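See structure below.
The values are calculated or read from the model by the stated rules, or taken from the named source; none is laboratory data. Note that this is a predicted model, so its numbers are computed, not measured. Please note: Cβ atoms are built from the backbone with ideal geometry, for glycine as well, and neighbour counts cover all protein chains shown. We work out accessible area using only protein heavy atoms, side chains counted, and drop any ligands, DNA or RNA first. Shrake-Rupley method; radii C 1.70, N 1.55, O 1.52, S 1.80 Å.
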Amino acid sequence: MLTRQSGGAVVPTQSHIPEGRPLWSLLEDAFVDEGAEHLTVHGRWGAIEIADTSPLVREALHRMSLGPVALENISALHENFVRWKTGSGPCLIWRKLKNTLDELGGCLVPSLGLNDGAGPILSVVAVTRDAVFALPHIDEDAVVRMRPRTEIERLNGDQALACPGLSYQVILHSAPATEIAKSLLHSENTIAEVAEALQVEKTLVGDVVAYLAGAGLVVVQRC
């Protein structure tokens, strides 16, 4: 099941765990100010004081300030992150860090990469301060469509999906995210149907659809 918060973002009652590689970064104009007893992220909507000033949070924010990164590469987080990704055990360290990242609101940029170690194929960029991103689980046989009035725009040399009134826009960096998004602009489909038409893995389509749905751009058709 899915519910919706203000700004159109999806709040999942069941979360999607990407098969691909989740990446995180800060908005380009955000920067981190840290001292011995404080940790602050400054962005276009003001300053955000981070309550957890642990070394793990400091390292994560430092890496994220350099661009989209895979946080599982932080040694103190790796094992916990793998347990979350595979559903193989408790992952309290990762969940605590994720809760801290959610405090960043619109300064946080979630991205999706493939497991080839290359850069992101899409990035979710907030246009409001209070945006909170979550990945909803969507069944592969559920009928999905792009939200009405969603269009592809040009943004700094990339293609971006945007819809008036939403808290997020999605930057489409490369294939196959671009092709998957365009297929949903033209018709209603299931994840399985899009995967078959484009000859890509269903898990990859599921990842892209989940990120688009988390941004509020994709909606599930109700019977």
Out of the total accessible area of the range 104-204 (probe 1.4 Å, heavy atoms of protein only), what percent is carbon and sulfur?
48 percent
Student exercise, the chain dipole from Lys, Arg, Asp, Glu Cβ charges, in Debye to nearest 20
360 debye
Using amide H atoms built in the peptide plane, which far-off residues or other-chain residues are under 5 Å from Leu122 H to H?
Leu112, His173
Mean Cβ count within 10 Å, highest first, over the residues of peptides 166-172, 69-75, 154-160
166-172, 69-75, 154-160
Work out from phi, with θ = phi - 60° and the Karplus expression 6.51 cos²θ - 1.76 cosθ + 1.60, the ³J(HN,Hα) of each residue of the range 136-142, listed in order in whole Hz, and give x for Gly and Pro.
x, 7, 10, 4, 5, 9, 6
How long are the semi-axes of the equivalent ellipsoid of the range 39-85, defined as square roots of 5 times the Cα gyration tensor eigenvalues? Whole Å, largest first.
23, 12, 9
Accessible area per residue for the chain in Å², computed with a 1.4 Å probe and the full protein assembly in place, what is it?
48 Å²
Would you mind computing, in nm to one decimal, how far apart the modelled labels at Gln199 and Glu59 are, each placed 7 Å from Cα along Cα→Cβ?
4.3 nm
Of the labelled options (1) 22.2, 77; (2) 17.0, 55; (3) 19.0, 57, which one gives Rg and Dmax of the Cα atoms in Å as computed for this structure?
(2)
Can you compute 3J(HN,Hα) from phi for each residue in the range 58-75, using the Karplus curve 6.51 cos²θ - 1.76 cosθ + 1.60 with θ = phi - 60°, rounded to whole Hz and x for Gly and Pro?
4, 5, 4, 5, 4, 5, 5, 6, 8, x, x, 10, 8, 5, 5, 6, 6, 4
Charges on Cβ only, +1 for Lys and Arg, -1 for Asp and Glu, centred on the Cα centroid of the chain; of Leu112, Thr190, Leu204, which one is farthest towards the dipole's positive end?
Thr190
Counting sequence-distant residues (5 or more places) and residues on other chains, those with an amide H built under 5 Å from that of Tyr168 are Val127
Cα lying deepest toward the dipole's positive end in the range 27-100, options Phe81, Leu39, Ser54, charges on Cβ:
Phe81
Amide H contacts of Arg21 (H built 1.01 Å from N, under 5 Å, at least 5 apart or other chain)
Gly113, Leu114, Asn115
